[in-house]
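Remarks on the structure that follows.
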Amino acid sequence: WINDGAAYLIGSTWGQRKLAPHISPNKTIEGAAGALAVTILFSLILFPLVLGPLVGLCSLGLRAIFGLAISILDQLGDLAESFMKRKFELKDSGNTFPGQGGLLDCGDSVVFNAVFSYWFFYLLQLF
């Protein structure tokens, strides 16, 4: 959720150009780019905490690629969920988390990232 938080903070502060106005009118290119940078930075910093002794298996370049992919997939998941809401003319995907758009809005970033992360770490241990 680092990516979502960064996109929101950066986009609401400096966002000017709309990313996909017909799908999600509040998302901005600046927010997406800022989230990308923040997520890459966090992936570089947090990998040693997550992998522990296995951190040597993952170079800085692979960590950056992981952060890049996670950020892009996070935003694609969010846009896919927003697209479905627009298609079915729903404002929110539920009222489980008021003010955040519902349960799907809180978990849309996990949809693509869970599969990617599984395969990334699975393949990492093979090499």
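Going through (1) among the small types (Gly, Ala, Ser); (2) under 22 Å from HIS22 (Cβ atoms); (3) at pLDDT below 90 one by one, GLY56 falls short only on (2). Among the residues of region 31-46, just one is surrounded by 23 or more Cβ atoms within 10 Å (Cβ to Cβ) and β-branched (Val, Ile, Thr), namely THR39. Count, please, the residues in region 37-53 that happen to be within 18 Å of ASP4 (Cα to Cα), modelled with pLDDT under 95 and not hydrophobic (A, V, I, L, M, F, W, C). The number of residues fulfilling the criteria is 1. Criterion applied to THR28, THR13 was being more than 19 Å from LEU76 (Cα to Cα) and either among the hydroxyl-bearing types (Ser, Thr, Tyr) or touching a strand residue (DSSP E or B) at 6+ places or on another chain (Cβ under 8 Å) (or both), and the one residue passing it is THR13. LEU68 fulfils the conditions (1) part of a helix (DSSP H, G or I); (2) buried (at least 17 other Cβ atoms within 10 Å of the Cβ) except for a single criterion, (2). Of all the residues in region 1-25, those that are part of a loop (DSSP other than H, G, I, E, B) and loosely packed, with under 15 Cβ neighbours inside 10 Å number 5.
The values are calculated or read from the model by the stated rules, or taken from the named source; none is laboratory data. If you're wondering where the values come from, they're calculated on a predicted model, not measured in any experiment. Cβ: placed from backbone, ideal geometry, glycine included. Neighbour counts: every protein chain shown.
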